[in-house]
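The values are calculated or read from the model by the stated rules, or taken from the named source; none is laboratory data. Quantities reported herein were computed from a predicted structural model and do not represent experimental measurements. Glycine also receives a Cβ, built like all others from the backbone with ideal geometry; neighbour counts cover every protein chain displayed.
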Amino acid sequence: MDRAKSGSKHHVITDAAGIPLASSVTGANAHDVTQLAPLFNAIPPVAGKRGRPRRRPEAVQGDRAYDSALHRQGLRELGVVPELAERGTEHGSGLGRTRWPVERTLAWFHQNRRLRIRYERRADVHQAFLTLACIKICASALLAGYC
């Protein structure tokens, strides 16, 4: 890991269709594992069926950067199945077949020039542009009838 790396990273949690539920911006030199808990806690309640809205997903998938024993244990205590690729193992965990909506959502983010190349100095302004990209993705999904 290059600690002096400049730029920023976009972190996102999506549903199975690639609709963003929560997103954040960090510096490029920040490690990904530090963002799993804040993103998971930022997921809003999901409306739908009658009764109390779901607060947590059934399972969370992530790449090797989000793997840690502490996070796996914490997710299990919350009743969530952690499907995180383990560090130090060979590639080919099979998560790529179901994780591609997240990668596609990140690609949709980077169709916006302001997110592909960061021009803003302030992180809150860049986060605002990331939120606008999330709104744009949600609106296009609604118009296309995915939701």
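General observations
- Only one of the listed residues (104, 114) is at pLDDT 85 or above, charged (D, E, K, R) and under 14 Å from residue 12 (Cβ atoms). That residue is 104.
- Within the set 6, 24, the sole residue that is farther than 28 Å from residue 145 by Cβ, in contact with a Pro (Cβ under 8 Å, 6 or more places away or on another chain) and not aliphatic (A, V, I, L, M) turns out to be 24.
- Test: residue in the range 115-127 that is touching a residue at least 24 places away in the same chain (Cβ under 8 Å) and touching a helix residue (DSSP H, G or I) at 6+ places or on another chain (Cβ under 7 Å): yes
- Residues in the range 11-23 that are of a type outside the set (Asp, Glu) and surrounded by fewer than 19 Cβ atoms within 10 Å (Cβ to Cβ): 16, 17, 19, 21, 22.
- Flag if residue 145 is surrounded by 11 or more Cβ atoms within 10 Å (Cβ to Cβ) and at pLDDT below 90: no
- Residues of the range 39-79 satisfying the condition of being part of a helix (DSSP H, G or I) and hydroxyl-bearing (Ser, Thr, Tyr): 66
- On inspection, residue 133 passes the criterion of being in contact (Cβ under 8 Å) with a residue 24 or more places away in the chain, in a helix (DSSP H, G or I) and not polar (S, T, N, Q).
To keep it simple, each residue is scored yes or no on (1) at pLDDT 85 or above; (2) closer than 17 Å to residue 20 by Cβ.
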| residue | (1), (2) |
| --- | --- |
| 38 | yes, yes |
| 42 | yes, yes |
| 50 | no, no |
| 58 | no, no |
| 61 | no, yes |
| 65 | no, no |
| 71 | yes, no |
| 79 | yes, no |
